[in-house]
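Colleague: I'd like to ask you about the structure that follows.
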């Protein structure tokens, strides 16, 4: 098989070829590695090689696969998390999701680029360098699963491991013309090293070119584990079985402006307008919402407060495990960690407790609507380096960090800049994380400049099957699988 043939199949299709004897797992791995050698120097998606294991006899046997270098541990190899401090510390055991991928027969041969500790919506770590968008190398593939999205968009693999703590599956999917579904809280395990990262806001999943690949991967991953905090409710039927039947007409409310970004880019409006047109033609009832069905400004504050505190813990834990000093971490990471340490325990618990208020308001919305529709991004994918801290602010931050007075950062312009940089272009995705609801980004729009800009759908609790059914319907009505990035 050559690359031209390889790229015409999704992961399920490749597995069918292996099962029927039309192609071998070794042949597929050879094509994937050759493609990686050809394009990875330009997109910087893969940052670590993995000795490819002999594939297990599972439903996806022989399909080449990549895992994210964050939270998806492969025993004996470092999980670098985009940090120089962790670049050499090997994992003691496979993450549960990695073991399930191996049991399914996937052939893992590399780990993908991610920002330090997954703390940004772009993938530009000092440790590994910037990942680049295959649709335009000057632009970001998003983050924090940016390396995985770049690899899939460039055709190295049809599907790759990803995770999502504030949009990190949906943002890169939206940037790279891919399908990305964030499962609801608890459906996919996070162990054995963690129970509920970020109080359940962070979950594992994939980015893919086809809806059925994501459904098949969700069938592989779903279900609890002995060390989990609770046992999730598992649907009676496989997710792959729901894709053929169109959903009944749905009531969908859409909203484009947000309190964080009151004037999104015209391309964000165009993306939603295009989605509304397709949905209406399919018979769904779609209406514009006069206001967001939740307090989006308060939710953003709560998200960032808990994010900064979690990052402070990550930095301190990494120092304890490795003996690393501040010089092993990026400036932005140290700034965010300092802001986290400056947060009182009471304020932190208050922000976590308020998640219930956001969930109640979203639940009220779902009494009259089936789904919430927004852009995935408020603007097209940014250029590489767009969010670098200005030199003057960087020098000021360095002084405060060195003099151990970094808590004063709360009173500087740096905080406003970091809020704008972290959420200004992606103000929509954190809702699903804090409320634990499933959400997906669907690639229905490309900008005038040829860059993808996805649309997001948020569903009620246990709405994964509904999202997949709608995504499959949209995929049939407005196909995207054959749209190929220039790289």
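Colleague: Looking only at segment 84-105, which residues are in a loop (DSSP other than H, G, I, E, B), touching a residue at least 24 places away in the same chain (Cβ under 8 Å) and over 20 Å from the mean Cα position of the chain (by Cα)? Break it down stepwise before answering.
Modeller: Just the residues of segment 84-105 that are in a loop (DSSP other than H, G, I, E, B), to begin with: 87-89, 92-95, 104-105.
Among the residues that remain, those that are also touching a residue at least 24 places away in the same chain (Cβ under 8 Å) are: 87, 89, 93, 95, 104-105.
Listed by number, the residues that qualify are 87, 89, 93, 104, 105.
Colleague: Out of (1) at pLDDT 95 or above; (2) outside any loop (DSSP other than H, G, I, E, B); (3) over 19 Å from residue 380 (Cα atoms), what's the single condition that is false for residue 189?
Modeller: (2)
Colleague: Here is a follow-up. Going by the structure shown, is residue 131 surrounded by 24 or more Cβ atoms within 10 Å (Cβ to Cβ), part of a strand (DSSP E or B) and in contact with a helix residue (DSSP H, G or I) (Cβ under 6 Å, 6 or more places away or on another chain)?
Modeller: no
Colleague: Regarding segment 215-223, can at least one residue be identified that is within 20 Å of the chain's Cα centre (by Cα), at pLDDT 95 or above and in a strand (DSSP E or B)?
Modeller: No, the conditions are met nowhere in segment 215-223.
Colleague: Can I ask one more? Only residues that are within 16 Å of residue 250 (Cα to Cα) and without any contact (Cβ under 8 Å) to a residue 24 or more places away in the chain: list them for segment 263-301, please.
Modeller: The answer is 277, 280.
Colleague: Tell me the residue from 160, 173 that is touching a strand residue (DSSP E or B) at 6+ places or on another chain (Cβ under 7 Å) and assigned to a helix (DSSP H, G or I), please.
Modeller: 173 is the lone residue from the list that is touching a strand residue (DSSP E or B) at 6+ places or on another chain (Cβ under 7 Å) and assigned to a helix (DSSP H, G or I).
Colleague: Restricting the search to segment 314-351, which residues are crowded, with 18+ Cβ neighbours inside 10 Å, in contact (Cβ under 8 Å) with a residue 60 or more places away in the chain and under 18 Å from residue 302 (Cβ atoms)?
Modeller: Passing the criteria: 336, 339.
Colleague: Which residues, counting only those in segment 28-51, are over 24 Å from the mean Cα position of the chain (by Cα) and either in a loop (DSSP other than H, G, I, E, B) or buried (at least 16 other Cβ atoms within 10 Å of the Cβ) (or both)?
Modeller: Selection gives 28, 29, 31, 51.
Colleague: Still on this model: Please specify each residue of segment 3-27 satisfying the condition of being closer than 18 Å to residue 209 by Cβ and assigned to a loop (DSSP other than H, G, I, E, B).
Modeller: Result: 7, 8, 9, 10.
Colleague: Of (1) in contact with a helix residue (DSSP H, G or I) (Cβ under 6 Å, 6 or more places away or on another chain); (2) crowded, with 23+ Cβ neighbours inside 10 Å; (3) within 22 Å of residue 156 (Cα to Cα), residue 475 satisfies all except one. Which?
Modeller: (2)
Colleague: Something else about it: Just checking, how many residues over segment 106-117 are outside any strand (DSSP E or B) and either in contact with a strand residue (DSSP E or B) (Cβ under 7 Å, 6 or more places away or on another chain) or surrounded by fewer than 24 Cβ atoms within 10 Å (Cβ to Cβ) (or both)?
Modeller: Selection size over segment 106-117: 3.
Colleague: Another question, then. So residue 188 clears everything in (1) in contact (Cβ under 8 Å) with a residue 60 or more places away in the chain; (2) in contact with a strand residue (DSSP E or B) (Cβ under 8 Å, 6 or more places away or on another chain); (3) within 30 Å of residue 280 (Cα to Cα) except one condition, right? Which one?
Modeller: (3)
Colleague: State all residues of segment 279-306 that are part of a helix (DSSP H, G or I) and crowded, with 19+ Cβ neighbours inside 10 Å; if no residue qualifies, say none.
Modeller: Residues satisfying the conditions are 279, 296, 299, 300, 302, 303, 304, 305, 306.
Colleague: Can you say whether residue 476 is out of contact with any strand residue (DSSP E or B) (no Cβ under 8 Å at 6 or more places or on another chain) and modelled with pLDDT of 95 or more, as far as the supplied structure shows?
Modeller: yes
Colleague: Now for a separate question. I'd like to check something: does segment 138-156 contain any residue that is more than 25 Å from residue 330 (Cβ to Cβ) and surrounded by fewer than 24 Cβ atoms within 10 Å (Cβ to Cβ)?
Modeller: Yes: one or more hits.
Colleague: Need a quick list: helices (runs of 4 or more DSSP H) entirely within segment 307-400 having at least 1 residues that are within 30 Å of residue 273 (Cβ to Cβ) and at pLDDT 95 or above.
Modeller: Details: elements: 331-341, 345-353, 355-365.
Helices (runs of 4 or more DSSP H) meeting the threshold: 355-365.
Colleague: Here is a further query. Considering segment 52-74 alone, what residues qualify as being more than 20 Å from residue 149 (Cβ to Cβ) and under 23 Å from the mean Cα position of the chain (by Cα)?
Modeller: 73
The values are calculated or read from the model by the stated rules, or taken from the named source; none is laboratory data. Computed from a predicted structure; not experimentally measured. Here Cβ is always computed from backbone atoms with ideal geometry, including for glycine, and neighbour counts include all displayed protein chains.
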